[in-house]
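Reviewing the structure listed below.
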Amino acid sequence: PPPSPQPASVPRRVTNALAAAALSASVALAGPVSSANAEIRLPPLDPDPERCERAFVGNTIGQANAVSDRILDLRKCNYVDKDLSTKTLSGALMVDSTFKGANMTEVVMSKAYAVNADFTGANFTNAVVDRVTFDGANLSNANFFNAVITGATFDGTNLAGAQFEEALIGKEDVKKLCENPTLEGETRFQVGCRN
């Protein structure tokens, strides 16, 4: 009889892609995490010296589901006044990153984890902000003009001076935003708060 075929070894790239997909799926299935839930255990910081530069390329695979061949690890990166417009940052880990004054026009952030990130004065005009965890983040003076905001969490987020003019905000998101004590004045009206 002919010899039985030997199983092919799985290339390292495929293994890495499966690991990244599994992490994205686990974060996606868990949904946005509030401070009341147990702390999420994140993978170790990506040792790639170019990891912060990957934001300028973004993700290109499985954009809506935050599935990629590699985790978009932007933790502790500095994007002060940088242009990230039109980038897809789905599934990005943005913990403790700085995006002060960043141009995030038309950015797609789906299932991103931006705990304690600083978006002071960032421009999210026409952005899609879907299931992003902004807990403990600074969004003061951020501009969400005409943005789509669904399934996001804002526990302990600084929203002082943020603008939401003509933004499309999900019903549950309106409730969560209106509970934030830093959302004041005209901004409460823009979000749709009743009081």
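Counting only protein heavy atoms and a 1.4 Å probe, the stretch 141-192 has 50 square angstrom of accessible area per residue. Hey, with R₀ at 25 Å, roughly what FRET efficiency would GLU179 and ASP96 work out to, going by the Cβ-Cβ distance, to 0.05? That pair, GLU179 with ASP96, gives E of 0.55. Annotation note: trypsin sites (Lys or Arg not before Pro) in the stretch 58-162 located in DSSP loop regions with a Cβ neighbour count of at most 15 within 10 Å are LYS76.
Hydrodynamic analysis of the stretch 63-181 uses the Kirkwood radius over alpha carbon pairs. Inserted into Stokes-Einstein at 20 °C and 1.002 mPa s, it gives a translational diffusion coefficient of 157 µm²/s.
The stretch between PHE56 and ASP81 holds 7.7 nm of extra length on full extension. This uses 0.36 nm per residue minus the Cα-Cα distance.
Tally Lys and Arg at +1 and Asp and Glu at -1 over the other residues with C-beta under 12 Å from the C-beta of ASN103: what net charge comes out? Around ASN103, the surrounding residues sum to 0. Using the Cβ of ASN146 as centre and a radius below 12 Å, the other residues enclosed give a net charge of -3, where K and R count +1 and D and E count -1.
The values are calculated or read from the model by the stated rules, or taken from the named source; none is laboratory data. Remember, predicted model here, so these are calculated numbers, not experimental data. Here the Cβ is made from the backbone with ideal geometry for all residues, glycine too, and neighbour counts use every protein chain on show. For accessibility, only protein heavy atoms count, side chains too; no ligands or nucleic acids. Shrake-Rupley method; radii C 1.70, N 1.55, O 1.52, S 1.80 Å.
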